[in-house]
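See structure below.
The values are calculated or read from the model by the stated rules, or taken from the named source; none is laboratory data. No experiment lies behind these values; they were computed from the predicted model shown. Reconstructed Cβ throughout: ideal geometry from the backbone, glycine too, with neighbour counts over all protein chains shown. The protein model used for the area step is the full one, side chains on, heavy atoms only, and it has no ligands, DNA or RNA in it. Shrake-Rupley method; radii C 1.70, N 1.55, O 1.52, S 1.80 Å.
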Amino acid sequence: MIDMYQKAGRIVKEVRELAVNEVHEGMKVLTLINFIESEIINRGGLPAFPCNISINEVTAHYTSPYGDTTIIEDGDMVKIDLGAHVNGYIADSATTVIVGTGEGPFTSSDKVYTREKELKMIETANEALNVAISNVRDGAILGDIGKAVEEYVKSQGFLPVANLTGHSLDQWNLHSGLSVPNIKENNQQRIEEGDVLAIEPFVTDGVGMVGDMKDTFIFRFLRDRPLRLVESRKLLNIIKNDYKNLPFAQRWLEEGSKIRKVNLAMRQLISSRAIYPYHVLREKSGARVAQAEHTVIVEQDGCIITTE
């Protein structure tokens with residue numbers, strides 16, 4: 001089991017580093033996502049979830065829809081969040097890069113960003129991740145980890161995103177029950193040796209909260225349901241067999257299919273609550289957000305970082 005977690009972690013590390021070198025101004029988001037997902041497969045893994053490329057104030061859950069023409073622009077703060085699994089054992093990691101050569105200033109909502117400010121935000125996210133990991137050991141209290149992250153991020157003049165957390169992992173389960181907070185909260189639950197955690201602080205100069213956008217491009221199987229359309233029944237069976245409980249992208253289903261039929265079937269699956277839609281998340285004040293993430297396996301006196 002540990003070997004498979006570590007193999008998935010090595011795949012994610014290698015592909016994350018390739019992606020950082022690959023992303024550039026003028027690139028389609030879909031091109032970057034296809035590159036990342038293909039490289040995971042080339043290394044003997046499968047995507048544990050659709051690659052997320054969330055730009056500037058868009059904080060999480062953005063993956064390209066079929067035919068996406070969105071372009072990465074000079075000065076964009078790009079969060080690359082990717083996951084791989086080997087026989088259902090998952091590694092999950094994220095990093096943030098600034099694209100292009102311009103020094104700015106760049107604007108998001110009513111805020112102005114220079115490259116210096118963006119780099120400090122990214123550095124804060126990376127160091128907040130290190131702070132969290134340094135507190136991981138058998139018996140550590142989850143609320144204490146969140147407190148340490150919040151104190152560090154605030155000391156650098158930023159805020160953590162309060163309503164996004166890290167999460168525990170299990171075979172075929174990306175969110176298996178534990179939440180790893182990024183703020184001080186009354187969470188007295190203790191982690192144990194052998195727990196697998198994805199730790200992911202988000203850092204912003206905004207209000208430190210995210211809200212749902214209307215778009216949903218990522219979904220997850222919930223349950224079998226009685227369905228009126230034959231296409232819906234067929235599609236649900238494909239989803240259940242191919243992805244089990246792991247998130248999937250609608251574009252994965254649309255490739256090589258008649259898009260109209262997939263769209264109709266997906267609407268029925270959502271309305272019948274056979275699948276769960278993940279809304280794209282945006283920082284509520286429109287401020288930019290940086291993210292850093294590693295997967296760790298808890299040990300007696302520390303942890304193994306599988307994605308480093």
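Summary of values
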read-out	value
Some residue of region 242-258 being at pLDDT 95 or above, within 20 Å of residue 52 (Cβ to Cβ), outside any loop (DSSP other than H, G, I, E, B) and under 15 Å from the mean Cα position of the chain (by Cα)	yes
Qualifying residues in region 180-204 (those that are among the polar types (S, T, N, Q) and modelled with pLDDT of 95 or more) - the one surrounded by the fewest Cβ atoms within 10 Å (Cβ to Cβ)	204
Hits in region 38-62 (condition: in a loop (DSSP other than H, G, I, E, B) and under 15 Å from residue 246 (Cα atoms))	45, 48, 49, 50, 51, 61
Subset of region 78-115 (residues that are of a type in the set (Asp, Glu) and either without any contact (Cβ under 8 Å) to a residue 12 or more places away in the chain or within 24 Å of residue 15 (Cα to Cα) (or both))	81, 92
Yes/no for residue 146 being touching a residue at least 40 places away in the same chain (Cβ under 8 Å) and part of a loop (DSSP other than H, G, I, E, B)	no
Residue count for region 210-254, restricted to those that are among the hydroxyl-bearing types (Ser, Thr, Tyr) and over 23 Å from residue 60 (Cβ atoms)	1
Flag for residue 68 being within 21 Å of the chain's Cα centre (by Cα), within 27 Å of residue 280 (Cβ to Cβ) and modelled with pLDDT of 95 or more	yes
Filter pass, residue 136 being among the β-branched types (Val, Ile, Thr), out of contact with any Pro (no Cβ under 8 Å at 6 or more places or on another chain) and over 16 Å from residue 293 (Cβ atoms)	no
Members of region 32-79 found to be polar (S, T, N, Q) and buried (at least 16 other Cβ atoms within 10 Å of the Cβ), listed by number	52, 54, 56, 59, 63, 64
Condition met for residue 209 (under 26 Å from residue 66 (Cβ atoms) and open to solvent by 40 Å² or more (accessible area, probe 1.4 Å))	no
Failed condition for residue 84, given (1) touching a Gly at 6+ places or on another chain (Cβ under 7 Å); (2) at pLDDT 95 or above; (3) among the small types (Gly, Ala, Ser); (4) over 19 Å from residue 249 (Cβ atoms)	(4)
Lone qualifier among 69, 59 - being closer than 20 Å to residue 290 by Cβ and polar (S, T, N, Q)	59
Subset of region 7-29 [buried (at least 16 other Cβ atoms within 10 Å of the Cβ) and over 12 Å from residue 45 (Cβ atoms)]	16, 19, 23, 27, 29
Selected residue (criterion: most open to solvent (accessible area, probe 1.4 Å)) from residues of region 219-238 that are within 12 Å of residue 270 (Cβ to Cβ) and either at pLDDT below 90 or not aromatic (Phe, Trp, Tyr) (or both)	225
Test: residue in region 87-99 that is buried (at least 18 other Cβ atoms within 10 Å of the Cβ), in contact with a Cys (Cβ under 9 Å, 6 or more places away or on another chain) and part of a loop (DSSP other than H, G, I, E, B)	no
Qualifying residue in region 104-121 (condition: modelled with pLDDT of 95 or more, crowded, with 20+ Cβ neighbours inside 10 Å and in contact with a Phe, Trp or Tyr (Cβ under 8 Å, 6 or more places away or on another chain))	yes
Complete set of residues in region 149-164 that are open to solvent by less than 60 Å² (accessible area, probe 1.4 Å), under 14 Å from residue 179 (Cβ atoms) and in a loop (DSSP other than H, G, I, E, B)	161, 162, 164
Near pairs, Cβ below 7 angstrom, 6+ apart or cross-chain, from region 19-33 (without any contact (Cβ under 8 Å) to a residue 40 or more places away in the chain) to any residue that is open to solvent by 30 Å² or more (accessible area, probe 1.4 Å)	22/35
